[in-house]
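Notes follow the structure.
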Amino acid sequence: MIVTAELRILLFLHSTMIEVSAIEVHTPSEVVAVNGSDVKLSCTFKSTQPVSDQSVTVTWNYRPPNSQAETSVFYYQGTPYPQEQGLFKGRVVWSGNVVKRDASITLLKVSPTFNGTYTCQVKNRPDVLGNHGEIDLKVVNKVSVSEIGILGAAVGGSCAVILVILGIIMGVKLYKRRQKEMMDIEVYSVGKSDLY
Ligand SMILES: *[C@@H]1O[C@H](CO)[C@@H](O)[C@H](O)[C@H]1NC(C)=O
Ligand SMILES: *[C@@H]1O[C@H](CO)[C@@H](O)[C@H](O)[C@H]1NC(C)=O
């Protein structure tokens, strides 16, 4: 009997969870951006309720690396509310369209200080609970070292091949010219000795 009661409670909890957490948010888990570039933080959602520009609110927050301190990045409710101060002032634009279930934003001219975790939270009343999307942003200085290495090896390798071919051509020409000069000298000295 106890087991059945527990089971009933579990089933009850389960069904309420399904009813309540109806918002489903999707983001990539990691984004790598080059210092100074604009980067879109993609966030889409699904809701069992009808979606309108009035019913949806979008909240983007930021946590620096190895920190739990959250700061506000962006807020949307019918219209974008960018931050008026702090790191994100003038650096975030709305790239979403709530009717299309898109809550994306774009960070402008990112620098390595933008490293960290960005969370996308969507509410669509009466759907207010659900998962957050979390994106780890990594701002790198330029293309990764390994890519530069491969590029360097390719360019260096073809240069070396061209130099070797040029070297062979030059060598052959030089050799032929030497031989011709030697023959000329021989002919000249032979001719000269004939004069006496
Ligand atoms: C990132 O780029 C800016 C210019 O866009 C530059 O001033 C800054 O030094 C760069 N950051 C790093 C870590 O190189
Ligand atoms: C940002 O992340 C990149 C990639 O992990 C790292 O190379 C860089 O040092 C970080 N910069 C800061 C300021 O945390």
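The values are calculated or read from the model by the stated rules, or taken from the named source; none is laboratory data. Worth saying up front: this structure is predicted, and the values here are computed from it rather than measured. Every residue, glycine among them, receives a Cβ derived from its backbone with ideal geometry; neighbour counts consider all protein chains shown.
Just a few scattered comments:
- Qualifying positions in region 99-124 - hydroxyl-bearing (Ser, Thr, Tyr) and within 16 Å of ligand 1 (Cβ to nearest atom): Ser111, Thr113
- Pick from region 53-82, criterion more than 24 Å from the chain's Cα centre (by Cα) and in contact (Cβ under 8 Å) with a residue 60 or more places away in the chain, ranking: farthest from Val25 (Cα to Cα): Ser55
- Some residue of region 96-114 being within 16 Å of ligand 2 (Cβ to nearest atom), assigned to a strand (DSSP E or B), closer than 22 Å to Val34 by Cβ and at pLDDT 95 or above: yes
- Residue identified as of a type in the set (Asp, Glu), more than 16 Å from ligand 1 (Cβ to nearest atom), surrounded by 17 or more Cβ atoms within 10 Å (Cβ to Cβ) and in the same structural domain as His26 (by TED's automatic domain parsing) among Asp136, Asp127: Asp127
- Looking only at residues in region 115-136 that are within 16 Å of ligand 2 (Cβ to nearest atom) and touching a residue at least 60 places away in the same chain (Cβ under 8 Å), the one that is nearest to Thr71 (Cα to Cα) is Tyr118.
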